[in-house]
Amino acid sequence: MNWQEIIGIVAGCCTTIAFLPQVIKTWKSKSAKDLSLSMFLIFFTGVLLWLTYGILISDIPVILANGATLVLSGILLFFKIRFK
């Protein structure tokens with residue numbers, strides 16, 4: 001593993017972990033009223049495209065980071081729709 005991949009993995013971990021507090025807060029409070037549905041739909045689409053890009057170029061840090069972020073943002077989208 002080279003230093004570029006290490007930077008990519010650390011960056012991916014930071015941006016992915018950043019979603020965890022919001023997921024936990026939304027789950028505990030059972031309220032997603034303050035989350036913007038349009039922002040999360042656009043974000044989810046962007047992350048899905050980044051994941052697709054990572055798969056196409058076989059870039060493991062991009063795949064892992066965006067795969068995990070897609071799951072977390074998908075959970076928030078689910079909560080937004082479920083806790084309306």
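The values are calculated or read from the model by the stated rules, or taken from the named source; none is laboratory data. All values reported here derive from a predicted model rather than from experimental measurement. We place every Cβ from the backbone using ideal geometry, glycine too, and count neighbours over all the protein chains shown. The protein model used for the area step is the full one, side chains on, heavy atoms only, and it has no ligands, DNA or RNA in it. Shrake-Rupley method; radii C 1.70, N 1.55, O 1.52, S 1.80 Å.
Observations on the structure shown:
- The accessible surface of region 3-82, taken with every protein chain in place and a 1.4 Å probe, is 75 percent carbon and sulfur.
- The long axis of helix 37-57 is offset from the longest Cα principal axis of the chain by roughly 20 degrees.
- Once the 1.4 Å probe is applied to the protein heavy atoms, region 3-82 comes out at 67 Å² accessible per residue.
- Estimated FRET transfer efficiency (Trp3, Arg82; beta-carbon r; R0 41 Å; 0.05): 0.45
- Relative contact order of the chain, pairs being alpha-carbon contacts under 8 Å that are 6 or more residues apart, as %: 47 percent
- Using the Cβ of Lys84 as centre and a radius below 14 Å, the other residues enclosed give a net charge of +3, where K and R count +1 and D and E count -1.
- Going through [x] 13.9, 45; [y] 19.4, 63; [z] 17.3, 54, the figure that equals Rg and Dmax of the Cα atoms in Å as computed for the structure here is [x].
- Those residues of region 52-84 whose amide nitrogen sits under 19 Å from the label point placed on Ser29, 7 Å along Cα→Cβ: 72-84
- As a rough guide to protection, the peptides 29-40, 68-79, 52-63 ranked by mean Cβ packing within 10 Å, highest first, stand as 68-79, 52-63, 29-40.
- In nm, spacing of pseudo-spin labels at Ser36 and Thr52 (7 Å Cα→C-beta vector): 2.3 nm
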